[in-house]
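Novice: Starting off with a structure, shown below.
Taken together, the values in this text are just the output of simple stated rules run on the coordinates, not laboratory data. Note that the structure is a prediction, hence the values are computed from the model and not measured.
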Amino acid sequence: MLQNVRPREDSSAVVVPRQNADKRRPDGHTVQLYGWDSRSHSWHGPNELGHGSTGTQKLYEALRGAPGQSWYGPVNCSASGEPGRFFALAHALRDCGVAMVYCDESKSGPAEIVTVIPAEQRARLRPEFAFEFVAFAGFLGSIGTGADMAVNDCIEAALAETAQDDSLVFSISTGLWVSDLDHVLSRCVEKIAIAMLRWLEHSKI
């Protein structure tokens, strides 16, 4: 179980206990979200997402209409009166999908990095997935000093502890989005993750 995972001794990472870990739909299929917060150096999850979350259809159709395996465009995540303009750069890979979420035309880098693994692709997930994803985020300076190995360990533990028929979402919050509006960014991450899972489930790569 994830709460028994401990980061390496040279890390200050905090592991937050799981939530909704045993809540499953009757068909046994779930979408589990795990995440890393670079501001607090904390790991959280799993949190179950609804695979049929509302508001994803338009984004899903945009992804499916992309001429190749990549897509860039705006993502509407803010409710009426809430600030924030979001853009996403998404890629469909052979075993997973990855997206970078930018806010307010940021020139500093992505506010969130998201990767999704559909249940149907877990059997062919590359063995070095955790290392490569963490290395990519670390190269962008998105994880935080000294936390790379702790995040790698947590991702590997999540892969090991979840059922093979669960789809997985891993997100890294870079700290470039204001903390008072974290709920807006979280809504955006969920929307992008669910739309990407649907996209990958219907992609032929």
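Novice: Can you list the HN-Hα couplings for the range 157-172, worked out from phi with the Karplus curve (6.51, -1.76, 1.60; θ = phi - 60°), rounded to whole Hz and with x for Gly and Pro?
Specialist: Calculated HN-Hα couplings, in order: 5, 5, 4, 6, 8, 8, 5, 5, 8, 9, 7, 10, 10, 10, 10, 10 Hz.
Novice: If you plug each phi of the range 42-47 into the Karplus form 6.51 cos²θ - 1.76 cosθ + 1.60 with θ = phi - 60°, what whole-Hz ³J(HN,Hα) values come out, in order, with x for Gly and Pro?
Specialist: Karplus-based 3J(HN,Hα) across the range 42-47 equals 10, 10, 9, x, x, 10 Hz.
Novice: Would you mind pulling out the separation of the Cα centroids of the range 104-142 and the range 167-184, in Å?
Specialist: 13 Å
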